[in-house]
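Trainee: Dumping the structure here so I can ask a few things about it.
The values are calculated or read from the model by the stated rules, or taken from the named source; none is laboratory data. Quantities reported herein were computed from a predicted structural model and do not represent experimental measurements. Here the Cβ positions follow ideal geometry from the backbone for every residue, glycine too, while neighbour counts run over all protein chains shown. Quick note on the areas: whole protein, heavy atoms, side chains included, nothing else; ligands and nucleic acids left out. Shrake-Rupley method; radii C 1.70, N 1.55, O 1.52, S 1.80 Å.
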Amino acid sequence: MAMDQRKQRILEAIVALYAVDGEPVGSGLLAHYFDMAVSSATLRNEMAALTRLGMLEQPHTSAGRVPSPQGYRYYLDRLLGAPGATALAAEDKGRIDELFAAMDAEPEKLAQSAARSLADYTHLAAAATTPQADDLCIAHFEVVQVGRYTAAVLAVTSAGGVRTRVARVGEGFTRGDAQALAALLNRSLTFVVAEDALVRTGPQVFFEGAQYLAQAPDVRKNLGLLLEIFSDSRSGQTLIEPHGNKITATLGEDVRPVLPGICIVSKRYLAGGGLTGTVALIGSNRMAYQRLIPVLNYFASKLGQSMSGKKQEEQL
């Protein structure tokens, strides 16, 4: 049994209707959706066929159906491959431009602000990583006298981020000592020492909007597990990493640990100089994909522009 055009349209309609209130979709509601152009009897037959194909599930004995994980995968593959899937209304562009205009340009603060703004804009959870590259290194050192026996070493990475370490010294430490140490570090270690040698491994990952997941009954049961995953930057980065350079939609059933009912939609952004990062939406698989995918795509574009400090007409 093949997925003909009518079955595809019915599956798309059920995904859209189920996203509205989370109730199983029956043939009567579908008939009204199609302006009675298709009879309820025909729709019941097609829904039964879609169920046999594994695209729909019947959660209880009523005639209503909901999309299955396989049905969501089929729907998302078609949606993401459709022309104009990322087209965004001018009003949304304007509002998002305003959000970015008010953000701090420092990379770490920018990534966190973007994740928080995306969560608030969509009422879903969101995550963003700081830019990274395989050859990320320290571009400049500054040493600041904090106290007589304390110094702060500030390292500016080639991605524009700032890393700080405070150290105690055994003898009195003067401003002259700080200047001499900074000169030594800049002469000997800039563009040689990897960022990881000074601070942490890999990019930072910021997870925002947990309160929105807590308000969604079908996903809040997994909120604790999500928070645990994002408490470790490496695990969080792995969860939201897109497959390739296009928008990726990953169902919770396809990740480990399994997160039933959750979908992660992610996009890589280009920060300039070979640096890339990721921005993602995390929410129920009932999310309004047709509206949210363009929003995520534009957020990724704006984040890349803001990170690089210049306008980029085309992102990855």
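Trainee: Output the number of the condition that Q237 fails; it satisfies all remaining conditions of (1) part of a loop (DSSP other than H, G, I, E, B); (2) open to solvent by 20 Å² or more (accessible area, probe 1.4 Å).
Mentor: (1)
Trainee: Pick from P217, P257: which is open to solvent by 20 Å² or more (accessible area, probe 1.4 Å), out of contact with any Asp or Glu (no Cβ under 6 Å at 6 or more places or on another chain), closer than 27 Å to G71 by Cα and modelled with pLDDT under 90? Steps first, please.
Mentor: Working: P257 fails: modelled with pLDDT under 90.
Among P217, P257, only P217 is open to solvent by 20 Å² or more (accessible area, probe 1.4 Å), out of contact with any Asp or Glu (no Cβ under 6 Å at 6 or more places or on another chain), closer than 27 Å to G71 by Cα and modelled with pLDDT under 90.
Trainee: Continuing with this model, one more query. For residues that are modelled with pLDDT of 90 or more and more than 30 Å from V219 (Cα to Cα), scanning just the stretch 1-14, find the one that is most open to solvent (accessible area, probe 1.4 Å).
Mentor: Q5
Trainee: Give me the pairs, please: first residue somewhere in the stretch 15-33 and assigned to a loop (DSSP other than H, G, I, E, B) and open to solvent by 90 Å² or more (accessible area, probe 1.4 Å), second residue anywhere and of a type in the set (V, I, T) and modelled with pLDDT of 90 or more, beta-carbon distance under 9 Å, and either six or more positions apart or on two chains.
Mentor: If the second residue must be of a type in the set (V, I, T) and modelled with pLDDT of 90 or more, the pairs left are E23/V66.
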